[in-house]
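A.B. asks: Could you have a look at this structure, given as structure tokens, before my questions?
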Amino acid sequence: MSRHGPRELFGPGDRKILNNGFVAIKVDRERRPEIDEIYMLATHLLTEQSGGWPNNVVLTPRLMPFFAGTYFPRDNFEDLLQQISLQWAVNNEAIRQEGHRVAGLIDRIMRHRTAAENITPDVVETAVLSATKDFDLIYGGIGSSAKFPRESLLLFLLDQAEKNGNETALEIVTKTLDSMVWGGLHDHVGGGFHRYTVDQKWIVPHFEKMLYNQAGIGRALIQAHRITGNQRYEDAARRLFDFVLRDMKSETGGFYAAFDADSTGGGNVVEEGLFYVWTLDDLKTAFGRRGRRICDPNIWRNKSRKLRRPQRRPSRPRSR
């Protein structure tokens, strides 16, 4: 589901129908690409189209897919849910057979795709070379558009650097971590990291903060500091964990899954990133002429800027 999906797709009626007749499960395709692959394949088989995101798949109680589609306009979604519920009631056996058919096709296709093989040193080296091929030499990270932390890959490369002395793997990680720490992905005020940046240069983030990102990036920073001794990584890790313990821990002792990207501003207007950006006038008031030097020169929205240096935080966004 896209980051604006719940607000754009679901109205009060949709939520009531979902809660009464379905078990709604949201899958993060960046974190669980193997699950995304299975259900995107289900969408291909059921729609005979290429698929895409958001990807919506309806399963039987035995987890067999029988209906799928991508984006459904909010005005139509309630009617769609009602029709699915009705068909489940009146054509239950036919739907179960269709789900069984599609699940069997998926199983055969996935078995063919995922033949197991031993993880040999050659396989590991191939994985490192693949990361090298996709590495952004200028800005760090993998790929040349939106930038995600890719924590699992960073940790894999750090293991290769630490265990096997692979300098190329270490260079990929340090270049990437440096860009993450100094750029807009990092909350230089409150600590922690946003989910991803929408640009190649790690400047403009999607402002949501996920607990799992903090865990993975924190591990990568600690291991990078252990290997390199770079104080910058230790400082960023300490501030990250301070943020988690201060702002993401609930009163009952658990942890919140995320901080919303949206914050409420004047007139109760909800806006993405409002909590994390400042206008130049704000910065000049707080820092005088130094204000320009501590923000990114790229305009984010409404002539606001993303900080590179600490500043006092405004009101906190919602946690969930």
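A.B. asks: Is it the case, given these coordinates, that Glu234 is in a loop (DSSP other than H, G, I, E, B) and either crowded, with 20+ Cβ neighbours inside 10 Å or without any contact (Cβ under 8 Å) to a residue 24 or more places away in the chain (or both)?
C.D. replies: Here the answer is no, as Glu234 does not meet what is asked.
A.B. asks: Let me ask something additional. Would it be correct to say that Ala215 is of a type in the set (Gly, Ala, Ser), assigned to a helix (DSSP H, G or I) and surrounded by fewer than 20 Cβ atoms within 10 Å (Cβ to Cβ)?
C.D. replies: Yes.
A.B. asks: Please indicate, with yes or no, whether at least one residue in the range 125-148 is farther than 19 Å from Val198 by Cβ, surrounded by fewer than 11 Cβ atoms within 10 Å (Cβ to Cβ) and more than 29 Å from the chain's Cα centre (by Cα).
C.D. replies: no
A.B. asks: Moving on to the next point. Counting only residues that are within 18 Å of Gln214 (Cβ to Cβ) and either assigned by TED's automatic domain parsing to the domain that holds Val57 or hydroxyl-bearing (Ser, Thr, Tyr) (or both), give me the helices (runs of 4 or more DSSP H) lying completely in the range 93-195 with at least 1 of them.
C.D. replies: 151-164, 167-182
Matching residues to (1) free of Cβ contacts under 8 Å to residues at least 60 places away in the same chain; (2) surrounded by 13 or more Cβ atoms within 10 Å (Cβ to Cβ):
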residue	(1), (2)
Ala24	yes, no
Glu30	no, yes
Glu34	yes, no
Thr43	yes, yes
Thr47	yes, yes
Asn55	yes, yes
Phe66	yes, yes
Thr70	yes, yes
Asn76	yes, no
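A.B. asks: Within the range 200-223, count every residue that is over 14 Å from Ser179 (Cα atoms) and of a type in the set (A, V, I, L, M, F, W, C). Before you say what the answer is, go through the steps one by one.
C.D. replies: Keep residues of the range 200-223 that are over 14 Å from Ser179 (Cα atoms), which gives 206-216, 218-219, 222-223.
Then drop every residue that is not of a type in the set (A, V, I, L, M, F, W, C), which leaves 207, 210-211, 215, 222.
So the count comes out to 5.
A.B. asks: Could you please find all residues in the range 225-270 being of a type in the set (A, V, I, L, M) and under 22 Å from the mean Cα position of the chain (by Cα)?
C.D. replies: Correct list: Ala236, Ala237, Leu240, Val244, Leu245, Met248, Ala257, Ala258, Ala261, Val270.
A.B. asks: For the range 46-79, what are the residues that are in contact with a strand residue (DSSP E or B) (Cβ under 8 Å, 6 or more places away or on another chain) and either among the β-branched types (Val, Ile, Thr) or part of a helix (DSSP H, G or I) (or both)?
C.D. replies: Leu46, Thr47, Val57, Val58, Thr60, Thr70
A.B. asks: Filtering the range 271-296 down to residues that are β-branched (Val, Ile, Thr) and modelled with pLDDT of 75 or more, which residue is nearest to the chain's Cα centre (by Cα)? Talk me through it step by step, then tell me what you get.
C.D. replies: The initial filter retains those residues of the range 271-296 that are β-branched (Val, Ile, Thr), namely 277, 279, 285, 294.
Subset that is modelled with pLDDT of 75 or more: 277, 279, 285.
On the way: Val277: 20, Thr279: 27, Thr285: 34 Å.
Only one residue fits best here, namely Val277.
A.B. asks: Quick check: is even one residue across the range 18-29 in the same structural domain as Pro61 (by TED's automatic domain parsing), under 18 Å from Gly69 (Cα atoms), modelled with pLDDT under 90 and in a helix (DSSP H, G or I)?
C.D. replies: yes
A.B. asks: Within the range 189-204, work out how many residues are of a type outside the set (A, V, I, L, M, F, W, C) and under 18 Å from Ala237 (Cα atoms).
C.D. replies: So the count comes out to 6.
A.B. asks: Determine whether Trp300 is buried (at least 17 other Cβ atoms within 10 Å of the Cβ), touching a Gly at 6+ places or on another chain (Cβ under 9 Å), modelled with pLDDT of 65 or more and farther than 24 Å from Leu154 by Cα.
C.D. replies: It is false that Trp300 is buried (at least 17 other Cβ atoms within 10 Å of the Cβ), touching a Gly at 6+ places or on another chain (Cβ under 9 Å), modelled with pLDDT of 65 or more and farther than 24 Å from Leu154 by Cα.
The values are calculated or read from the model by the stated rules, or taken from the named source; none is laboratory data. Given the structure is predicted, the values throughout are model-derived calculations rather than measurements. Neighbour counts run over all protein chains shown; Cβ positions are idealised from the backbone, glycine included.
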